[in-house]
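*Asks:* One structure follows; several queries about it will come next.
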Amino acid sequence: MNSFPLFIVGAPRSGTTFLCSLLNEHPLIHLTNECRIFALLKEQREVCSDRPDLLSPAHREQFLRFCSRSLGDWVERFYREELDISAPIWGDKHPPYADPTVLSGRMGSVERLPRSGSCLRLIRELLPEARFIHIHRDPGRVANSLVRKRWIGSVEDGVRVWGQYATEILDFFADLPAHQATTIAYRHLVEDPDTAITEIGAFLSLADTAPLRQFLKAQRGAPTPFSEPVTDIAELYIVPDHPATDAKLLALAHDAALRLGYGAA
């Protein structure tokens with residue numbers, strides 16, 4: 001099959017680790033779990049290269065042009081030669097690749113300005129054949145999980161963060177050809193795994209999806225605690241019918257919630 005890079009994106013606590021572990025069960029796929037290399041490259045290109053003590057301003061434009069045409073090959077060589085990854089489908093899972101404040105960071109529980117922009121467009125610039133899978137989960141459940149992790153101060157701020165990530169990804173996906181981007185609901189993956197695996201297999205051009213189906217079947221019998229808090233394991237295969245996010249909370253996520261099917265139009 002053809003070789004191409006693949007990146008899993010989504011808000012934190014949305015199932016990105018679970019999806020990464022699932023895909024890595026396939027012999028043709030090898031994704032790193034938060035290698036974060038594009039966050040490093042974004043810092044070098046947009047911050048370090050603007051420091052005259054590190055790079056002469058007279059050479060900055062030439063350096064940026066050189067980065068644009070060479071760093072994609074450099075990243076793949078790193079994966080192939082240093083990480084010893086030979087699978088045709090290779091790449092990374094890292095939720096902050098979609099964080100619109102990936103370099104400026106967050107102050108407390110709210111977005112810190114100015115926005116630095118996510119890594120998504122940089123990935124596409126350097127690896128134009130890259131494909132992306134966006135996995136999303138009910139914003140209220142994400143927000144509650146963020147609070148339990150103490151990554152965020154309140155459920156309301158957690159929903160706002162979910163909306164920032166989701167909006168960034170949806171706007172980026174709008175500019176991609178259909179064969180390079182797909183979106184999957186965490187709930188869909190859990191409740192209708194056969195259909196979800198069929199869709200993922202078609203998107204990735206996988207002739208055999210048996211390893212993915214076997215993994216999900218095994219997880220139903222003995223779920224793996226992929227990350228803390230382990231109480232999230234209870235939500236892996238028992239997804240309540242009622243949404244965790246009411247209309248007031250959904251409004252904090254702006255139109256991203258409606259675009260992904262949460263709440264009523």
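Taken together, the values in this text are just the output of simple stated rules run on the coordinates, not laboratory data. Just so we're clear, the structure is a prediction, and the values are computed from it rather than from any experiment. Here the Cβ is made from the backbone with ideal geometry for all residues, glycine too, and neighbour counts use every protein chain on show.
*Asks:* Taking into account only those residues within segment 52-101 that are surrounded by 20 or more Cβ atoms within 10 Å (Cβ to Cβ) and of a type in the set (Val, Ile, Thr), which is farthest from residue 134 (Cα to Cα)?
*Replies:* Filtering segment 52-101 for residues that are surrounded by 20 or more Cβ atoms within 10 Å (Cβ to Cβ) and of a type in the set (Val, Ile, Thr), the one farthest from residue 134 (Cα to Cα) comes out as 75.
*Asks:* Take the conditions closer than 30 Å to residue 158 by Cβ and either in contact with a Phe, Trp or Tyr (Cβ under 9 Å, 6 or more places away or on another chain) or not in a helix (DSSP H, G or I) (or both) and apply them to residue 40. Does it pass? Full working, then the answer.
*Replies:* Details: closer than 30 Å to residue 158 by Cβ: yes; either in contact with a Phe, Trp or Tyr (Cβ under 9 Å, 6 or more places away or on another chain) or not in a helix (DSSP H, G or I) (or both): no.
In short, no.
*Asks:* Looking at segment 139-223, what helices (runs of 4 or more DSSP H) fall wholly within it and have at least 3 residues that are acidic (Asp, Glu)?
*Replies:* Details: elements: 139-148, 155-173, 186-191, 193-203, 210-221.
In segment 139-223, the matching helices (runs of 4 or more DSSP H) lie at 155-173.
*Asks:* Just need a number here: residues in segment 14-25 that are in a loop (DSSP other than H, G, I, E, B), touching a residue at least 60 places away in the same chain (Cβ under 8 Å) and surrounded by fewer than 21 Cβ atoms within 10 Å (Cβ to Cβ).
*Replies:* Just the residues of segment 14-25 that are in a loop (DSSP other than H, G, I, E, B), to begin with: 14-15, 24-25.
Checking the rest, the ones that are also touching a residue at least 60 places away in the same chain (Cβ under 8 Å) come to 14-15, 25.
Checking the rest, the ones that are also surrounded by fewer than 21 Cβ atoms within 10 Å (Cβ to Cβ) come to 25.
Number satisfying all stated conditions: 1.
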